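The values are calculated or read from the model by the stated rules, or taken from the named source; none is laboratory data. Quick caveat, the model's predicted, so the values are computed rather than measured. Note that we place each Cβ from the backbone using ideal geometry, even for glycine, and neighbour counts take in every protein chain shown. Protein only, heavy atoms only, side chains kept; ligands, DNA and RNA dropped before computing areas. Shrake-Rupley method; radii C 1.70, N 1.55, O 1.52, S 1.80 Å.
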Amino acid sequence: MKSYPWPITSLSICYFIAAILGISYAIISGNINLFSLGMIPVLAGIYLRADWGLLVLRVYIAIQGLAIIAFATTAVIAWQITPEDVIVQWHGTIIPLWLVASVAILTQILQWFVAFNSSTKVYFQSIHAN
């Protein structure tokens, strides 16, 4: 069996950590976070090298992109109304908006890179070539 290409490996590790955090958050708080728990089918598709794995990965990343656009639009509208009220705060620490936007854009770029990388396509096709 061929090993995982590095883009898939790195994305799988990040998704696995985020899924564990999402599951623990769901258990502790009783709230289900579909963006965290949505990684579970993606991880299953990657691990099983299923036909649908690449499609689920790309759809999941597209949904994330739509959510980021929706949040950004809401933030811009709120910024126009009351700029002093638009803050991102985590446990009492205010996180600069430029940092939040930069991280969101960077993670989207990296995920799209992995989803459309040639090694990812070969990874999902090579099992059916034999």
Kindly provide the set of residues from region 36-63 that are farther than 14 Å from PHE124 by Cβ and outside any helix (DSSP H, G or I), ordered by number.
GLY38
Just to be sure, is VAL100 in contact (Cβ under 8 Å) with a residue 12 or more places away in the chain, over 19 Å from PRO7 (Cα atoms) and either in contact with a helix residue (DSSP H, G or I) (Cβ under 6 Å, 6 or more places away or on another chain) or in a helix (DSSP H, G or I) (or both)?
yes
Only unsatisfied item for LEU21, checking (1) open to solvent by 50 Å² or more (accessible area, probe 1.4 Å); (2) at pLDDT 90 or above, is (2)
Any residue in region 14-32 that is within 18 Å of GLN111 (Cα to Cα) sitting within a Cβ distance under 9 Å of a residue that is open to solvent by 90 Å² or more (accessible area, probe 1.4 Å)? List the pairs, counting only those 6 or more apart or interchain.
CYS14/LEU110
